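The values are calculated or read from the model by the stated rules, or taken from the named source; none is laboratory data. Just so you know, these numbers come straight off a predicted model, no measurement behind them. As a convention, Cβ positions derive from the backbone with ideal geometry for all residues, glycine included, and neighbour counts pool all protein chains shown. Calculation scope for accessible area: heavy atoms of the full protein, side chains included, ligands and nucleic acids excluded. Shrake-Rupley method; radii C 1.70, N 1.55, O 1.52, S 1.80 Å.
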Amino acid sequence: MFESYFQKNLEKRASFFQRHVLFFLLLIIVASISFFGYQRFAKVKGRVLGQATSVMQEFEAAKSAINNLDFKSSRGHFLNSSQILKDIEQELNQAGGLASILVKISPKGRNYYHLFTVAQNISQAGYILSSANLTAGDQTLAVKIKVFQNELTAARPYLLAASESLSKIEPSSLSSGESAEFAGIAQKINDLKLISQALSSQIDNAVDSLNYLLILLGEDANRRYLLLFQNNLEMRPTGGFIGSMAVLDIYQGEIQKLEVPGGGSYDLNFGIDSNILSPKPLRVLNPRWQTQDCNWFPDFAASAQKCAWFVEASAGVSFDAVIAINLPVIVDLLKVVGEIEMPDYNAVISHTNFTAFTQTVVESQKSRASGKPKQFLTDLAPILIKKIEGSLGDAYQSLQIIKIILGALNRKDILLYSASENLQSWFEQNNWAGRIEEEDPSIRQADYLHINTATVNGGKSDLNIKQEIDQQIETGDDGVLVSTVKITRKHIGKRILEDGQASPEERDFNWLTTQPNLSYIRLYAPLGSKLLEISGDIFDAEYLIKSLGPQGLEDEFLQQTVKNPLIIEKSNTRLTEEFGKTVFGNYLRIDPGSQGQLTFKYKLPFTIDDLKEDQYQLLVQKQPGIISQFRCQFNGKKLWEGKLERDELINSKFKITNPK
């Protein structure tokens, strides 16, 4: 996570030069040929053409070095190209200062001159940015990030100057009268302008973001983070069951301490009042609200605060931030760092066996009898950290790790929360905070949907669960909008036959992942939505709900967050208000080899007449830890279909009118 912004800028450097640097050179040569159309330049034509060819060779070499993440070599090539461009400018000036004359009297000459300055500034910026090397030297990571930030700041004037020169170019005049070799230059210039404008607008944001990154790395003070390891084989609201936690201390980008309790999150229940009642839908599993179940709220900020509260109450420590990491992130990191030998467990851990081996070890009778079922993770964590630190010394592996972290942040497989308003705002701006988007009270025309699943009994069966969400929006009388959402969950698990050839470990893992799956499903809709009907395979779980009797204590934070609870007796559907949304919830149970569905039909709190510009708009937010197949239709017309891998803002793209 802490190198994500460096990766963004690194990738922009690489892709920018790879895609456009040769085009700059082509334009330089075009400009040179135009100059040579004037007889005054006949005597320098050969020399300048030769120099332009040399520039092209240097840019080609720089491009190749960037492809190989060899920024030291690319820096040298940009330095060479910059010097050659200065020589070309000197040659032209010695020939009579024609460049300055053309700027004044010739539209085409003026455009070529601006192209020339673009190349000069890009060459200089490339030289500066290629100086960044986060993998070399003995400095701390925070120091390396600070050096990169300074270099980005130094390159900023050249990038802005290149953008300004591009804005002055009239593309239509460049290709007129030229050979077919230069056809299409106008369009390329327009494309380049858009890229340059986007890059220029992001420079200041990147510099500011590096400031936040340095705070996270503990540039000026030690930072303490609570890490939540979420297992999405057992779904919970923010991405998975929290089987393990860790306390991480970091200073100047270097890990000072990492503590992973051998008993997992269960070790952090000591010292907590055992009579705190869990959220009612969770009481089918446990009437006591304990640390391992702290991430009950789909809004990660709320869950993070509650998890920190539990740990602080138990261990007496406070945290600067809370970070949730889902199981797939560890698997992806193992793909990069390679195998890890664990001789005490007679195992070699890789991305192919980590999930199955970990589950069978921590769930084994031996581990449970020891009182430290998560000891394997305690032993693995420092070794994995060292492997990652070692990989950061290699440019290619560093880039792969950064890509993994960025992808995880975008998929919500990593979630971030900070008590600092500035840091939290930064997380939310990048959609890394896992927030439930609250409605603007002044705007009532946008629809919203979030489906959240919590497995409350089912082992690790979510490995075998496939989920589909179908939404149909229809217009009713007087422009009323009615939404029907069907959630289908299919259990594809299959038990291994007793006489099969599977190993004992494979049998154990198969048993864990082929349990019947009992889940509590919540649908978050715009505040004020009215439930009309719920149907499908509703599971009556009331007989499973456990009680603490009169000694049970309601949690104040839970009462403040989950408001106006109401039970519809006919179906035992639970209605609440949470995070500025109306919420409908009920249970669904599916056995291996079967499927089940719940269908919610409700009236939206606005009508067709309230729609902005006569268009329907829907924000659908994905749940961390699961990728559902999502389909949405409005009056039978398809609006969107595909895998819900991130939050999606969906527009009708067609005008909607009131049928009355």
In region 597-660 the accessible area split gives carbon plus sulfur, as whole percent at 1.4 Å, a share of 42
For the modelled label position 7 Å from the Cα of Trp309 along Cα-to-Cβ, which residues of region 560-581 have backbone nitrogen atoms closer than 11 Å? 560-562
P(r) for region 580-660: what percent of alpha-carbon pairs falls in each 10 Å bin, starting at zero? 12, 39, 35, 11, 3
Please turn the phi angles of region 339-345 into ³J(HN,Hα) values with the Karplus equation 6.51 cos²θ - 1.76 cosθ + 1.60 (θ = phi - 60°), one per residue in order, whole Hz, x for glycine and proline. 6, 10, 7, 10, x, 5, 10
Rounded to the nearest 0.05, what FRET efficiency do Lys335 and Ile383 give with R0 = 25 Å and r taken as the Cβ-Cβ distance? Could you check? 0.95
Label-point separation in nm, Asn150 to Ser274, each point 7 Å along Cα→Cβ: 5.8
Expected output is a single nm value to one decimal: the length gained when fully extending between Lys530 and Glu577, i.e. 0.36 nm times separation in residues minus the C-alpha distance. What is it? 15.7 nm
If R0 = 51 Å, then Lys168 and Ser425, at their Cβ-Cβ distance, give a FRET efficiency to the nearest 0.05 of 0.90
Length released on extending from Ser318 to Asp478, taking residue separation times 0.36 nm less the Cα-Cα span: 52.2 nm
Sorting Ser303, Gln256, Ile276 by the position of each Cα along the dipole of region 255-311 (Lys, Arg +1; Asp, Glu -1; all at Cβ), the one nearest the positive end of that ordering is Ile276
Taking the dipole of region 350-420 about the Cα centre (Lys, Arg +1; Asp, Glu -1; charges at Cβ), the one of Gly371, Asn410, Tyr396 that reaches farthest to the positive side is Gly371
Enter the accessible area per residue of region 403-515 (Å², integer; probe 1.4 Å; all protein chains in place). 46
With label points built 7 Å along Cα→Cβ from the Cα atoms of Asp610 and Asp87, find their separation and express it in nm. 7.0
Measuring with a 1.4 Å probe in the full set of protein chains, what accessible area per residue, in whole Å², belongs to region 242-389? 40
Please report, as a whole percent, how much of the solvent-accessible surface of region 311-426 comes from carbon and sulfur atoms (probe radius 1.4 Å). 50
So which of Lys486/Lys622; Lys63/Lys387; Lys460/Lys530 end up more than 23 Å apart, counting from Cα to Cα? Lys63/Lys387; Lys460/Lys530
Rounded Å value of the spacing that divides the Cα centres of region 307-361 and region 489-520: 23
Using the Cα centre of region 297-434 as the reference point, and only Cβ charges (+1 on K/R, -1 on D/E), how large is the resulting charge dipole? Debye, rounded to the nearest 20. 320
Mind checking which aspartates and glutamates have their Cα closer than 16 Å to the Cα of Lys570? Skip sequence neighbours fewer than 8 apart in that chain. Glu533, Asp537, Asp540, Glu542
Each label sits 7 Å from Cα toward the beta-carbon; between Leu553 and Leu649 the label points are separated, in nm, by 4.4
Count the net charge of all other residues whose Cβ sits under 9 Å from the Cβ of Leu532, scoring Lys and Arg as +1 and Asp and Glu as -1. +2
